[in-house]
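In what follows, a single structure is set out as structure tokens and then discussed.
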Amino acid sequence: MGIFEKFKLGFKKSASTFTSGLKEIIIKKEIDDKTLNEIEDFLIQSDVGVVASAEIRNIIAEKKIDPNKNKVDEINSILKTYIINLMSPLENENFFKNKSDLNAILVSGVNGVGKTTTIGKIGKILKSNGNKVIFSASDTFRAAAIEQLENWAKKIDVEIIKSTQGSDPASVAYKAVDEAIKKQFTHVLIDTAGRLQNKKNLMEEYKKIANVTKKIDPNAPHEVLLVLDATSGQNVINQVEEFNKIISITGLIMTKLDGTAKGGILIAIAKKYKLPIIALGLGEKEDDLEIFKAEQFAKAFTQFN
């Protein structure tokens, strides 16, 4: 199965809900102000965001859709072009390429977004590209998280630095980065405890993990990834806002896009924050993490071939 087919299949729920809703508005109607308002409202309800929805409405209005052409195809084409223009600059395929220098990567997010599983999948892609990967089990609040990351380490055959439940998460990260330098690893993937962005003490702990890595390498962490759950809808906007205040985010990964009817939230985030989008989670399987490509996302989201 090609990458586009996987995207299309992964987005099936989101795309079918989106395109059928859009068709319902457009079909057999003149594209007048009333219809344009309905399209804009529908886009907002699909979590595309107020700003992006207004821009798309204006583009459709300016284009003056030919009533003799297939209106659904015309508007789908406008949407696809808008998404590609907005999101192409946010691609970061370089993230997964073969590296020679150390890359300490801090992976964060709220409870239940799939951080640990995502780290395992990232590790697999990095390793397949010839990188030398080590995991840091710095989610020491849950024994299950340590065990889960250890299982991933065994599954993809990478090393792991861990400690016991309740130990200092920052010390585990420190040991992992130190070990990476000694053994010339290219990537340290640091798992962190799921934390609500409004819990000050947990966010301070998160900041401490980042600061400890700087004691070994002043440029660490080299990447700070925020994992987001697409099924959380508009809540992810607030998560990006708050996590970015603590440590500047360098990349986003969105999971569970296969389980939501509102994949448009990624468009809203792209418009508001313009942060690199590293990858998308399209399922539970080992290979269900896809490197983000704007054109594939646009085609799959609109189901416009």
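Which condition number does Asn68 fail, the rest of (1) of a type in the set (S, T, N, Q); (2) buried (at least 16 other Cβ atoms within 10 Å of the Cβ); (3) not in a helix (DSSP H, G or I) being met?
Among (1) of a type in the set (S, T, N, Q); (2) buried (at least 16 other Cβ atoms within 10 Å of the Cβ); (3) not in a helix (DSSP H, G or I), Asn68 violates only (2).
Of the numbered conditions (1) at pLDDT below 95; (2) surrounded by fewer than 19 Cβ atoms within 10 Å (Cβ to Cβ); (3) within 20 Å of Glu286 (Cβ to Cβ), Gly130 satisfies every one except a single condition; which is it?
(1)
Looking only at the range 17-35, count how many residues are farther than 13 Å from Ile60 by Cβ, among the β-branched types (Val, Ile, Thr) and in a helix (DSSP H, G or I).
Residues meeting the conditions: 2.
Which condition from (1) crowded, with 24+ Cβ neighbours inside 10 Å; (2) not in a helix (DSSP H, G or I) is the one that Phe141 breaks?
Evaluating Phe141 over (1) crowded, with 24+ Cβ neighbours inside 10 Å; (2) not in a helix (DSSP H, G or I) leaves (1) as the failure.
Which numbered condition trips up Lys121, out of (1) surrounded by fewer than 20 Cβ atoms within 10 Å (Cβ to Cβ); (2) in contact (Cβ under 8 Å) with a residue 40 or more places away in the chain?
Evaluating Lys121 over (1) surrounded by fewer than 20 Cβ atoms within 10 Å (Cβ to Cβ); (2) in contact (Cβ under 8 Å) with a residue 40 or more places away in the chain leaves (1) as the failure.
Of all residues being in a helix (DSSP H, G or I) and more than 24 Å from the chain's Cα centre (by Cα) in the range 55-65, which is modelled with the lowest pLDDT? Just the residue, please.
Taking the range 55-65 and keeping what is in a helix (DSSP H, G or I), we get 55-63.
After this cut, where a residue has to be more than 24 Å from the chain's Cα centre (by Cα) as well, the list is 57-63.
Numbers: Arg57: 95, Asn58: 96, Ile59: 96, Ile60: 94, Ala61: 93, Glu62: 93, Lys63: 88.
Taking the candidates together, the pick is Lys63.
Find the residue count for the range 104-122, including only residues that are touching a Ser or Thr at 6+ places or on another chain (Cβ under 8 Å), part of a strand (DSSP E or B) and under 17 Å from Ile156 (Cβ atoms).
Adding up the residues that qualify gives 1.
Could you say whether any residue in the range 40-48 is crowded, with 20+ Cβ neighbours inside 10 Å and over 21 Å from Gln296 (Cα atoms)?
Yes.
Pairs please, first residue from the range 36-64 and over 17 Å from Lys23 (Cα atoms) and in the same structural domain as Glu74 (by TED's automatic domain parsing), second anywhere and of a type in the set (Ser, Thr, Tyr) and in a helix (DSSP H, G or I), Cβ atoms under 8 Å, 6+ apart in sequence or on different chains.
Pairs that qualify, where the first residue is over 17 Å from Lys23 (Cα atoms) and in the same structural domain as Glu74 (by TED's automatic domain parsing) and the partner is of a type in the set (Ser, Thr, Tyr) and in a helix (DSSP H, G or I), are Ala52/Tyr82; Glu55/Tyr82; Ile59/Tyr82.
Can you tell me how many residues within the range 261-285 are more than 14 Å from the chain's Cα centre (by Cα) and not basic (Lys, Arg)?
2
When the residues of the range 74-112 are narrowed to those that are of a type in the set (Asp, Glu) and either surrounded by fewer than 13 Cβ atoms within 10 Å (Cβ to Cβ) or under 16 Å from Leu266 (Cα atoms) (or both), which ends up modelled with the lowest pLDDT? Walk me through how you get there before you give the answer.
Step one: list which residues in the range 74-112 are of a type in the set (Asp, Glu), which gives 74, 91, 93, 101.
Okay, now just the ones that are also either surrounded by fewer than 13 Cβ atoms within 10 Å (Cβ to Cβ) or under 16 Å from Leu266 (Cα atoms) (or both), so 91, 93, 101.
Working: Glu91: 98, Glu93: 87, Asp101: 94.
Within the range 74-112, the match that is modelled with the lowest pLDDT is Glu93.
Of all the residues that make up the range 242-265, how many are in contact (Cβ under 8 Å) with a residue 40 or more places away in the chain and either in a helix (DSSP H, G or I) or not aliphatic (A, V, I, L, M) (or both)?
14
Could you grab me the full set of residues in the range 200-240 that are part of a loop (DSSP other than H, G, I, E, B), touching a residue at least 40 places away in the same chain (Cβ under 8 Å), surrounded by fewer than 21 Cβ atoms within 10 Å (Cβ to Cβ) and not basic (Lys, Arg)? Can you show your working first?
Step one: filter the range 200-240 for residues part of a loop (DSSP other than H, G, I, E, B), giving 215-222, 233-234.
Pick out the ones that are also touching a residue at least 40 places away in the same chain (Cβ under 8 Å) and you get 215-217, 220-222, 233-234.
If we keep only those that are surrounded by fewer than 21 Cβ atoms within 10 Å (Cβ to Cβ) as well, we get 215-217, 222, 233-234.
The answer is Ile216, Asp217, His222, Gly233, Gln234.
The values are calculated or read from the model by the stated rules, or taken from the named source; none is laboratory data. Nothing here was measured: the structure is a model prediction, and the numbers come from that model. Note: ideal-geometry Cβ built from the backbone for every residue, glycine included; neighbour counts use all protein chains shown.
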